[in-house]
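Worksheet for the structure shown next.
The values are calculated or read from the model by the stated rules, or taken from the named source; none is laboratory data. If you're wondering where the values come from, they're calculated on a predicted model, not measured in any experiment. Glycine also receives a Cβ, built like all others from the backbone with ideal geometry; neighbour counts cover every protein chain displayed.
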């Protein structure tokens with residue numbers, strides 16, 4: 001999985017699920033996972049009141065931990081077994097008997113914010129798509145399904161934690177999640193190729209005359225920029241769709257999501273400015289710009 005949680009490798013609590021954890025310890029665990037990740041999402045979460053912030057830490061920690069399973073070094077069968085345990089553990093959250101620290105941290109948010117069980121399961125479904133051979137030149141339909149699972153479902157959980165699920169907020173969450181995921185795909189091309197993954201859809205590869213689907217060869221093809229430009233254009237359309245839905249959503253409650261949207265729009269702009277030849281040259285949003293975005297879109301006006 002890209003960007004929504006991948007930054008640092010944390011020890012998977014699945015190995016410690018037999019240990020008792022108080023509610024406060026579970027919340028502290030989720031907070032530690034989030035802070036240690038160094039994720040850009042932490043900036044947005046800081047805008048929330050304490051209870052909603054703790055809910056987002058728990059959601060993020062869940063995403064981080066299932067992502068670690070999918071990206072870890074275990075054999076595929078072991079990964080699938082661990083993800084299956086997480087699926088069972090999510091069911092335990094709704095039954096009131098979870099055992100993993102992060103799952104225990106999810107109990108209050110699930111109850112207080114009516115988080116959807118199906119959305120947690122969808123994230124796990126997305127992680128399963130990355131196990132084994134994983135995703136290599138998916139069809140456009142497969143890419144859409146993947147993005148909806150690993151990013152759209154997270155967006156749906158998040159807007160409920162934010163307290164802004166009315167109007168067209170669900171449409172906003174899905175469109176924004178897909179836009180973020182497409183941006184991450186463009187940002188992480190080399191990282192993904194290094195582990196044998198390629199999220200660029202085969203229809204676009206074929207349309208631009210790239211016959212191979214071997215990740216490193218695709219990245220070395222002189223026609224790669226044409227494919228990446230198409231994905232960037234698709235990401236921009238998703239950002240535009242999210243912006244349109246936001247106009248009929250509770251914008252004040254969705255401030256953290258808007259901060260993330262502006263942040264990722266900046267990343268996409270920087271990727272396009274860098275181009276698709278020097279893929280090893282990383283892009284990032286400088287801290288002063290992050291602060292400006294947080295102030296402009298998180299604390300001041302939501303009308304832009």
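Find the residue count for region 247-277, including only residues that are under 18 Å from the mean Cα position of the chain (by Cα) and over 21 Å from residue 186 (Cα atoms). Don't jump to the end; show me each part of the working.
Let us first name the residues in region 247-277 that are under 18 Å from the mean Cα position of the chain (by Cα), namely 254-268.
Now narrow it down to the ones that are over 21 Å from residue 186 (Cα atoms): 254-256.
Total meeting the criteria: 3.
Looking at region 46-64 only, could you name the residues that are closer than 15 Å to residue 130 by Cβ and in contact (Cβ under 8 Å) with a residue 60 or more places away in the chain?
Of the residues in region 46-64, the ones closer than 15 Å to residue 130 by Cβ are 63-64.
63, the sole residue that qualifies.
Please go through region 217-256 and give me each residue that is under 19 Å from residue 169 (Cβ atoms), in contact with a helix residue (DSSP H, G or I) (Cβ under 6 Å, 6 or more places away or on another chain) and either modelled with pLDDT of 95 or more or not in a loop (DSSP other than H, G, I, E, B) (or both), ordered by number.
Result: 238, 239, 241, 242, 245, 246, 249, 255, 256.
Among the residues in region 136-149, are any surrounded by 18 or more Cβ atoms within 10 Å (Cβ to Cβ), outside any helix (DSSP H, G or I) and touching a strand residue (DSSP E or B) at 6+ places or on another chain (Cβ under 7 Å)? Spell out how you get there, then give the answer.
Narrowing region 136-149 to residues surrounded by 18 or more Cβ atoms within 10 Å (Cβ to Cβ): 137-138, 143, 146-149.
Filter once more, so that each one left must be outside any helix (DSSP H, G or I): 137-138.
After this cut, where a residue has to be touching a strand residue (DSSP E or B) at 6+ places or on another chain (Cβ under 7 Å) as well, the list is 137.
Yes, the conditions are met somewhere in region 136-149.
Does residue 172 satisfy being in contact with a helix residue (DSSP H, G or I) (Cβ under 7 Å, 6 or more places away or on another chain), at pLDDT below 95, assigned by TED's automatic domain parsing to the domain that holds residue 277 and closer than 26 Å to residue 245 by Cβ? I'd like the intermediate steps shown before the answer.
Details: in contact with a helix residue (DSSP H, G or I) (Cβ under 7 Å, 6 or more places away or on another chain): yes; at pLDDT below 95: no; assigned by TED's automatic domain parsing to the domain that holds residue 277: yes; closer than 26 Å to residue 245 by Cβ: yes.
Answer is no for this residue.
Among residues belonging to region 108-120 that are part of a helix (DSSP H, G or I) and touching a helix residue (DSSP H, G or I) at 6+ places or on another chain (Cβ under 6 Å), point out the one that is farthest from residue 80 (Cα to Cα). Even if it seems obvious, please write down each step before you answer.
Applying the first criterion (part of a helix (DSSP H, G or I)) to region 108-120 yields 108-113, 117-120.
Those still in the list that are touching a helix residue (DSSP H, G or I) at 6+ places or on another chain (Cβ under 6 Å) too: 109-110, 113, 117, 119-120.
Numbers: 109: 26, 110: 25, 113: 29, 117: 19, 119: 18, 120: 16 Å.
For region 108-120, the residue satisfying everything is 113.
This table checks each residue for (1) over 26 Å from residue 146 (Cβ atoms); (2) surrounded by 20 or more Cβ atoms within 10 Å (Cβ to Cβ); (3) more than 21 Å from the chain's Cα centre (by Cα); (4) modelled with pLDDT under 95.
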position: 47; (1), (2), (3), (4): yes, no, no, yes
position: 57; (1), (2), (3), (4): no, yes, no, yes
position: 67; (1), (2), (3), (4): no, yes, no, yes
position: 80; (1), (2), (3), (4): no, no, no, no
position: 86; (1), (2), (3), (4): no, yes, no, no
position: 95; (1), (2), (3), (4): yes, no, yes, yes
position: 110; (1), (2), (3), (4): no, yes, no, no
position: 117; (1), (2), (3), (4): no, no, no, no
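Would region 178-187 turn up any residue that is farther than 18 Å from residue 146 by Cβ and either outside any helix (DSSP H, G or I) or touching a residue at least 12 places away in the same chain (Cβ under 8 Å) (or both)? Don't jump to the end; show me each part of the working.
First, the residues of region 178-187 that are farther than 18 Å from residue 146 by Cβ: none.
Among the residues of region 178-187, not one is farther than 18 Å from residue 146 by Cβ and either outside any helix (DSSP H, G or I) or touching a residue at least 12 places away in the same chain (Cβ under 8 Å) (or both), which makes the answer no.
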